[in-house]
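Every read-out reported here was derived from the displayed coordinates using simple, explicitly stated rules and does not represent laboratory data. Predicted, not measured: the structure shown is a model, and the values here were computed from it. Please note: Cβ atoms are built from the backbone with ideal geometry, for glycine as well, and neighbour counts cover all protein chains shown.
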Amino acid sequence: MSDGRAALVTGAASGIGRAIAGRLVGDGFRVLAVDVDPDPTGPGDHWEADLTTPEGNLASVAEARDRYGRLDVVVANAGFQHVAPVQDFPPERWQALIALMLTSPFLLAHHAWDALSDSGQGRFIAIASVHGLVASPFKAGYISAKHGLLGLVKVLALEGAPHGIAATAVCPGYVRTPLVEDQLDDQARAHGISRERVLEEVILEPHAVKRMVEPSEVAEMVALLTGPMGDAFTGAPVVMDMGWSAR
Ligand SMILES: NC(=O)c1ccc[n+]([C@@H]2O[C@H](COP(=O)([O-])OP(=O)(O)OC[C@H]3O[C@@H](n4cnc5c(N)ncnc54)[C@H](O)[C@@H]3O)[C@@H](O)[C@H]2O)c1
């Protein structure tokens, strides 16, 4: 249980972030559920912020600290995908991917650092991806941001250890969320094949285990990392990729 601890979860309106926010609320955390498009029916206290902006990150951390008087856990989860070959990849989409999935986690850590240190059991958890460890074509922005995020987490782990802060990157394979469901539809149209065939032949092709990870399974791992054993995983990628990176 959380002993009244407070958490900030980004991208909390949908998919993995929503599952994490719900799980942490269930574990007794007070949760600031940050999203550019908050869902009032979702778990936690809703806070609207565009995390591609410096102001959005500063205001989100300030709100959590003001509202709860403490901040013990930051889960940097918000993200999106853009699929295009490098010569067609719009530079502004690259900038937005890096802003949301690399610069925002840095700014959240930067602004929350004192509070995480005061916690005595501070936790910075980044929802990275197996794409922080391996590449696929046509995802230059996403894969570069996720590889960078793993580097950031390593630095936070080294700097955080003397202050009781653990930093960990969770690296799932494909997770059953709107981000992937949308790709199913797009790829089915692009390849002229059924959604089911896209799932089996395209999406799940790199998974040794032929199923997607469930958002609740990522939330379960995050819950474990918020606990006392979380510090054992500091600096490490926690890979839950159905065997993808074993190849
Ligand atoms: N779904 C997968 O297969 C998968 C696999 C590995 C890693 N991930 C990572 O998990 C994280 C969550 O992905 P998901 O699948 O739950 O996606 P999702 O699309 O279901 O949810 C993402 C959330 O982020 C929010 N968001 C987008 N831009 C934002 C912004 N500028 N500011 C604040 N919030 C913003 C969206 O509104 C949305 O609620 C991402 O970082 C993603 O890279 C997903």
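Using Cα atoms only, what is the angle between the long axis of helix 140-160 and the major principal axis of the chain, expressed in degrees (0 to 90) to the nearest 10?
Between the helix axis and the principal axis of the chain, the angle is about 30 degrees.
With all distinct Cα pairs included, what does the Kirkwood hydrodynamic radius of the chain come out to in Å, to one decimal, could you say? Display every interim value, and only then the final one.
On the way: mean 1/r = 0.0554 Å⁻¹.
One decimal place: 18.0 Å for the Kirkwood radius.
Find the Cα radius of gyration of segment 121-212, compare it with 2.2 N^0.38 Å by division, and give the number to two decimals.
Values: Rg = 16.4 Å, N = 92, 2.2 N^0.38 = 12.3 Å.
With N residues counted in segment 121-212, Rg over 2.2 N^0.38 Å equals 1.34.
Quick one: compute a quarter of the convex hull surface over the Cα atoms of segment 151-197 and quote it in nm².
4.8 nm²
Using a basic spin-label model with each label point 7 Å from the Cα along Cα→Cβ, how many nm lie between residue 92 and residue 48?
Inter-label distance under the simple model: 2.2 nm.
Which of the lysines could a cross-linker span from residue 154 if the Cα-Cα distance has to be under 25 Å and same-chain partners fewer than 8 positions apart are dropped?
Hits, sequence-local ones excluded: 139, 146.
In µm²/s, what is D for segment 68-186 at 4 °C and 1.567 mPa s, where D = kT/(6 pi eta Rh) by Stokes-Einstein and Rh is the Kirkwood radius from Cα pairs?
86 µm²/s
Within the set of other residues whose C-beta is less than 14 Å from the C-beta of residue 75, count the net charge using Lys and Arg as +1 and Asp and Glu as -1.
Cβ neighbours under 14 Å give a net charge of +1.
Taking springs between alpha-carbon atoms closer than 10 angstrom, which of 221, 229, 101 fluctuates most in the Gaussian network model of the chain?
With Cα springs under 10 Å in the chain, the top fluctuation among 221, 229, 101 is at 229.
Under the definition of Cα pairs under 8 Å and six or more residues apart, what whole-number percent is the relative contact order of the chain?
Reported relative contact order: 19 percent.
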